[in-house]
Amino acid sequence: MISDIQFGVRVEVPLKNKLYSALVIDLQKEMQMDYKPRTIVSIIDKEPIIGDQQFKLWNWISNYYSCTIGEVMNVALPSGLKLTSETKVYINPNYQEDMTTLSDEEYMIAEAITIQNELTIGEIRSILDKKTVYPVIRSLLDKEVVYVREELIEKYKPKNIGVVQLAEAYKKEPNKLSEVLDAVKKSEKQTRAILAIYQFSKSQEFIPKSDIYEISKVDNSVLRALEKKGIIELSEMEVSRLVHGNYQQKELPLLTDDQSTALKSISAIYKEKSQILLHGVTGSGKTRIYIELIREQLALGKQVLYLLPEIALTTQIVSRLRAVFGDDVGTYHSRMGNAERVEIWKAVNDEKPIVLGARSSMFLPYKNLGLIIVDEEHDSSYKQQDPAPRYNGRDTAVVMAQLHDAKVILGSATPSLESFHNVNQGKYGLVQLKNRIGSVALPEIEVVDLRYEYKTKRIKNGFSLALREGIEKALANDEQAMIFQNRRGYAPTIQCDQCGWHAECNNCDVSLTVHKFFNELRCHYCGSRRKMIETCPACGSHTLNQKGYGTEKIEAQIRELFPDAKVARMDYDTTKTKNAYQNIIADFTAKKIDILVGTQMITKGLDFEDIGIVGILNADLSLQFPDFRAGERAYQLFTQVAGRAGRKRKQGKVIIQSFQPTHPVILETIDNNYDRFFAREMAERQKFVYPPFYRFIQITLKHKQPKTVLEAAHFLAKQLSAKFGNRILGPTQPGVARLRGQYLQNITIKMEKDPKVMNGLKRFLMHARLHTLNSPGFKSVRINLDVDPY
Ligand code: ADP
Ligand code: ZN
Ligand code: ZN
C-alpha cells in the first residue's frame, strides 16, 4: 500500500535487472523531472528501521567527509538489513519451534531451503513465482527461521551451552586458589583450566565451556576430571546470543578523593557545557569514573555509548563493565556476525542501556542517548581509512551527542592537540587526574644515548647495558618486562653488501621485510610474499645482509640474552588467529610470560600489575616519521608505553634508547610535561599552517599508468586552484609512490576553519572530482577524498 510508505522503511527497487532493498528518506508529492524515478515493487518494513537523529548523523557525515549518503548507509546498516538478489538465505539450525505456525509462503521457502541448504533471494523469487519476496524473507528472519550469508554459521551459538562454575566451597573463598592449584599440580592441563576458570569467575558465575577451551586449550575430559575432584560443577544453560550468563556483581572500590573531586567537577561543568575532556595520567582510574557516570545515566533511564578505538580493547573493558552492569552491556563491532549485529540493533532500538563498541556502534538506533564516552580519544585508530566514509569516530561522536542532546566525555592520558585546543578555546570543559591510584609514582624514565652505547660497544643484541641490567633486576624481583619496537617482522630490509641491491616489492615502491619464521620476504603494504633468497640476484654474491630490527628479531635477541626467561611477542603477525590476542594478554596477566615484545599493540590501555621495566628500543623510529603529527604521535606512544610500568604496587622504570636523547619530545616524555609538549607543538603547527589551526583535505588519485594519474591530478588541481588559489598544494608524489600496482598522486587542501569556506570548497571539490572522472581518459582513475586525513 502506498500509504504505508514512510521515512525510514525499506522498500524493494529494481536497478539494472536486480532488486535491491532501498531506504525511504524523503517523500515528494511532485514529480521531479531531472532524474528518472524507479518503481517501488514492495515495502519491506512496517516500522521505520532508522530514526530521525540517525539520519541527521548520516547526513552530517556525508557532508563533512565529502562522501555519498549511500556510502554512509553501507557502513551504518548491518548486512542483515541490506538484502540483494544475490543474498543467500540459510535455515537456522537452532530454530526449534513448530514449522506449522508459519504461513504457506514462509513454509514453502523454509522447506525449499532445508532441502537445498541455501537459496539466493533470486531463487526464492522464482520458487514463489513472484517478484516481491522481501517481506516474506523479512518475516522469516524476524522469526529466526532463516538467516542470511555464510559467515554467520560459526557465529551462531546454540541456545543450550555447557557452562562451568566453581564449586560452592571455592566460590565463597576466592583465596583458595593456591590450594586448588596444589591439588592439580601434577596436570599441566588442569592447571591451565583452573587459571582460566578463576580468571573468568572474577566477572561471571557461569562460564561457557567453550571460553575455557579456547583460553586454556583443554577439552571436556579435563573439565570432567576437575568436576570429579569437586573443584568445579558442570551444567547446561540456555542463553540467547546476547545474554552472557549471570554476572557476579562485584563490589566496586570506593572512589578515591581525586576521583570524587573529578566527578564533582564533571557534574558542575555539565550544567553549562556538554563536552568534557578527562585528562588523567595512566593508571589514574578513569574507567572507574566512567562507571560512575554510566550509573547516573541509567538512573535517569538513559542509554550510554562507550567507544573504544579498537575491537581488541573491548574484551578488556567489557568484563569490567559486565561485573557492574551485567547484561545491560551489549557490544558491537564490525567483526561480529550478522545475526548478532541485527540482534543488538534491535536491542538498542528497544533501549538496551549500555553499548560498548568500536566506531561503527555509533550507527545503532539509539532512542534515548544520555552520554557518549570516547575512551583513549587521542588514538588514531578512531579514524576510518578505507573505504569511504573516511570519518573520525571521536569527532563524529561529539556531533552525534549534540544531535541527541547528550553529554560526551573524551578521556585520555595523552589528549590529542585537537581536543586540548578545544579546551583552550572554551569549547570543552577540562577535568584532570594528576595522580595514579594508590599514589604510586609515575614510572621513572631514563634515556640512553645510543651513539655512546655503540661507540663504547656496550650495546649487545640491540640492548643497552642499562636496559639489560634493568631487565635482569626486574626478573630477579619476579617482575615482568615489556619491550616496545615500532616495527614488525625480522629485519626491515635485506641488502647486498657488495653491490647495494635491496629487495623491493613488485607492486609497491617499498622494501620487503624479512620474516624469518616463515622464511619469506613480505611487503607490509600489499601483503605479497616471496621465498627468502640467499644470493644477490644482481651480482650473485652471498653477502646478503639483514638490516635493522623488527619485533621477530628482537624476540630472538632476547632469548639469547635471557635464556631462562619466558618470552612472547605481540604484533600483527602473532595475533591473526581468533583468540591469539586474548591468549597472550591472559598469559601475561597470569605471569606465564616474563618478557613481552611488541609493536604499539602492547601500548594500548592494558592494565597489568607487575611490570617492573619497560624498554623502548629505538625511539627514533617514531620520531622520524615523515608526517607533521610525528611529534604528537611519538609523545603519545612513549607516554602510553611508559604508562604500562609499575601500576599498582610500586614505581616502575622505563628506558628509552635513542640516537637523539635530547629531542624535545623525549625530554617532555621524561618530565611527563604535557603542557610544555602542547605549547611547543602548537607553536609549530601554527607556524606551518597545520591542524588544529587549519583543516586538511587529502585527495589521492590512483591508476596503473603513472602518466594517466599525473595528468588526472593536474587536471583536478587546476580546477581547484582556479577557485581556491594557494589553498591547493600539489599534485605531489607521496613517499610510497606505487601501492598494489597503482601509481599515486596527492593533492592537499589546507583551508582556514571558516565554515563558509569549508562548505563551499567541499561542494566544489565533489563537482570537480566527478568532472575529472567524466573527462576523456580518466574514467578508470580512482579519486579518494579524505577530510581531516591524519
Ligand atoms: P586508567 O584508565 O586511568 O589508566 P584504570 O581505570 O584502569 O586507570 O585504573 C587503574 C587501576 O586502578 C585499575 O586496576 C583499577 O581497578 C584500579 N582502581 C581504579 N579506581 C580505584 C579506586 N577508587 N580504588 C582502588 N583501585 C582503583
Ligand atoms: Zn649484489
Ligand atoms: Zn607491496
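Can you pull the Rg over Rh of the stretch 256-364, Cα-only, Kirkwood?
0.98
With the dipole of the chain worked out from charges on the C-beta (+1 for Lys and Arg, -1 for Asp and Glu) around the Cα centre, which of THR493, TYR525, ALA262 lies farthest toward the positive end?
Farthest towards the positive pole: THR493.
Report the charge-dipole magnitude of the stretch 539-597 in Debye, nearest 20, computed about the Cα centre from +1 at each Lys and Arg Cβ and -1 at each Asp and Glu Cβ.
Once rounded to the nearest 20, the dipole reads 140 debye.
Based only on Cα atoms, what mean projected area does the convex hull of the stretch 27-108 have, in nm²?
9.1 nm²
Can you work out ³J(HN,Hα) from phi for every residue in the stretch 555-565, in order, using Karplus 6.51 cos²θ - 1.76 cosθ + 1.60 and θ = phi - 60°, giving whole Hz and x for Gly and Pro?
Going residue by residue, I get 4, 5, 4, 5, 4, 6, 6, 10, x, 8, 7 Hz, with x marking Gly and Pro.
I'd like the distance between the alpha-carbon centres of the stretch 632-664 and the stretch 386-409, rounded to an integer number of Å.
Cα centroid to Cα centroid, the span is 31 Å.
State to the nearest 20 debye the size of the charge dipole of the stretch 90-139 about its Cα centre, where the only charges are +1 on K and R beta carbons and -1 on D and E beta carbons.
Around 280 debye, computed over the stretch 90-139.
Once the piece of chain linking GLN96 and ARG559 is laid out straight, how much longer is it, given 0.36 nm per residue of separation minus the C-alpha distance between them?
Here the answer is 161.3 nm.
Calculate how large, on average over all directions, the projected area of the Cα convex hull of the stretch 659-790 is; give the answer in nm² to one decimal.
One quarter of the hull surface, i.e. the mean projection, equals 10.2 nm².
Considering only the chain, what is the antiparallel percent among its DSSP beta bridges, to the nearest 5?
So the antiparallel bridges in the chain amount to around 55 percent.
Given a cut-off of 30 Å, name the pairs among LYS434/LYS576; LYS434/LYS457; LYS473/LYS604; LYS473/LYS648; LYS704/LYS750; LYS172/LYS367 whose C-alpha atoms lie farther apart than that in the structure shown.
Where the Cα-Cα span goes over 30 Å, the pairs concerned are LYS434/LYS576; LYS434/LYS457; LYS172/LYS367.
Please work out how much length the chain gains when fully extended from GLU310 to LEU465, using 0.36 nm per residue of separation minus the C-alpha to C-alpha distance, in nm with one decimal.
Extra length from GLU310 to LEU465 when fully extended: 52.3 nm.
Computed FRET efficiency, Cβ-Cβ of ASN63 and SER267, R0 30 Å: what is it to the nearest 0.05?
That pair, ASN63 with SER267, gives E of 0.35.
Nearest 5 is fine: what % of DSSP beta bridges in the stretch 332-479 come out antiparallel, could you say?
25 percent
Roll a 1.4 Å probe over the protein chains and send me the accessible area per residue for the chain in Å².
47 Å²
With an 8 Å cut-off on Cα pairs and a minimum separation of 6 or more residues, tell me the relative contact order of the stretch 295-368 in percent.
Relative CO of the stretch 295-368 lands at 43 percent.
Pick out, in residue order, every one of the GluC sites (Glu not before Pro) in the stretch 1-77 that is DSSP loop and has at most 15 other C-beta atoms within 10 Å; say none if there are none.
Listed in order of number, the matching sites are GLU30.
Give me the number: length gained by fully extending LYS592 to LYS171, i.e. 0.36 nm times residue separation minus the C-alpha to C-alpha distance, one decimal in nm.
Contour length minus Cα-Cα distance gives 149.2 nm.
Hey, any idea what % of the stretch 274-380's accessible area is carbon plus sulfur with a 1.4 Å probe?
Heavy-atom surface of the stretch 274-380 belonging to carbon and sulfur, 1.4 Å probe: 44 percent.
Step by step: find N for the stretch 417-555, compute 2.2 N^0.38 Å, then divide the Cα radius of gyration by it. What's the final number?
So the Cα radius of gyration is 1.53 times the expected 2.2 N^0.38 Å.
What are the semi-axes of the equivalent ellipsoid for the stretch 333-407, taken as the square roots of 5 times the Cα gyration tensor eigenvalues, largest first, in whole Å?
20, 17, 10
Nothing charged except the Cβ atoms of Lys and Arg (+1) and of Asp and Glu (-1): what's the magnitude of the dipole of the chain about its Cα centre? Round to the nearest 20 debye.
Here the size comes out at about 2020 debye.
Would you work out the relative contact order for the chain, in percent, from Cα pairs under 8 angstrom that are 6 or more residues apart?
10 percent
Once you sort the root eigenvalues of the Cα gyration tensor of the stretch 160-213 as a ≥ b ≥ c, which label holds: rounded (a/c under 1.5), prolate (a/b larger than b/c) or oblate (the other case)?
Oblate.
Applying the Karplus parametrisation 6.51 cos²θ - 1.76 cosθ + 1.60 with θ = phi - 60° to the phi angles of the stretch 718-723, what ³J(HN,Hα) value in whole Hz is obtained for each residue in order, glycine and proline being reported as x?
So the J values, rounded to whole Hz, are 5, 4, 5, 5, 4, 9.
Can you pick out the pairs among LYS46/LYS762; LYS36/LYS131; LYS56/LYS718; LYS383/LYS702 whose Cα atoms lie more than 29 Å from each other?
The pairs that break the limit, which is 29 Å between Cα atoms, are LYS46/LYS762; LYS56/LYS718.
So, in nm, how far is label MET766 from label THR732 when the simple model puts each one 7 Å beyond its Cα toward the Cβ?
Each label point is offset 7 Å from its Cα along the Cβ direction, giving 2.8 nm.
Rounded if a/c is under 1.5, else prolate if a/b beats b/c, else oblate: with a ≥ b ≥ c from the C-alpha gyration tensor eigenvalues square-rooted, which is the chain?
Verdict is rounded for the chain.
What is the Cα radius of gyration of the stretch 1-138 over 2.2 N^0.38 Å, N being its residue count?
The value comes to 1.19.
If you keep only loop residues by DSSP, which GluC sites (Glu not before Pro) in the stretch 589-682 have at most 12 other Cβ atoms within 10 Å of their Cβ?
GLU609
In nm, to one decimal, how far is the LEU181 label point from the GLN402 one, both placed 7 Å along Cα→Cβ?
Taking the two extended label points, one gets 5.3 nm.
Per residue of the stretch 441-449, what does 6.51 cos²θ - 1.76 cosθ + 1.60 with θ = phi - 60° give for ³J(HN,Hα)? Whole Hz please, x for Gly and Pro, Karplus curve as stated.
So the Karplus estimates, Gly and Pro as x, are 5, 4, x, 7, 10, 10, 9, 10, 7 Hz.
What FRET efficiency, computed as 1/(1 + (r/R0)^6) with R0 = 45 Å and r the Cβ-Cβ distance, is obtained for GLU292 and THR662, rounded to the nearest 0.05?
The formula returns an efficiency of 0.60 here.
Note down the nm distance, to one decimal, between modelled labels 7 Å out along Cα→Cβ at GLU444 and at CYS539.
So the label points at GLU444 and CYS539 sit 4.9 nm apart.
Can you work out the FRET efficiency for the pair ASN117 and TYR452, with r the C-beta to C-beta distance and R0 = 60 Å, to the nearest 0.05?
Once rounded, the FRET efficiency stands at 0.30.
Normalised by the empirical 2.2 N^0.38 Å for globular proteins, what value does the Cα Rg of the stretch 621-694 take?
After normalising by residue count via 2.2 N^0.38 Å, the value is 1.20.
At a 1.4 Å probe radius, carbon and sulfur cover how many percent of the accessible area of the stretch 525-670?
Accessible surface attributable to carbon and sulfur in the stretch 525-670 totals 52 percent.
Tell me the mean residue ellipticity at 222 nm calculated for the chain from its helices only (DSSP H runs of n ≥ 4, each -39500 (n - 2.57), averaged over every residue, nearest 500).
Here the helix-only value at 222 nm equals -11000 deg cm²/dmol.
Can you bin the stretch 294-351 into rounded, prolate or oblate? Criterion: square roots of the alpha carbon gyration tensor eigenvalues sorted a ≥ b ≥ c, rounded for a/c under 1.5, prolate for a/b above b/c, oblate for the rest.
In terms of gyration-tensor shape, oblate.
Out of residues 5 or more away from GLY741 or on other chains, whose amide H comes under 5 Å of its own, with H placed 1.01 Å from N in the peptide plane?
Close amide H contacts, sequence-distant or interchain: CYS508.
The values are calculated or read from the model by the stated rules, or taken from the named source; none is laboratory data. These figures come from a predicted structure and were not determined experimentally. When we count neighbours, we look across all protein chains shown, and the Cβ atoms used for this are built from the backbone with ideal geometry, even at glycine. With ligands, DNA and RNA removed, areas are computed over all heavy atoms of the protein, side chains included. Shrake-Rupley method; radii C 1.70, N 1.55, O 1.52, S 1.80 Å.
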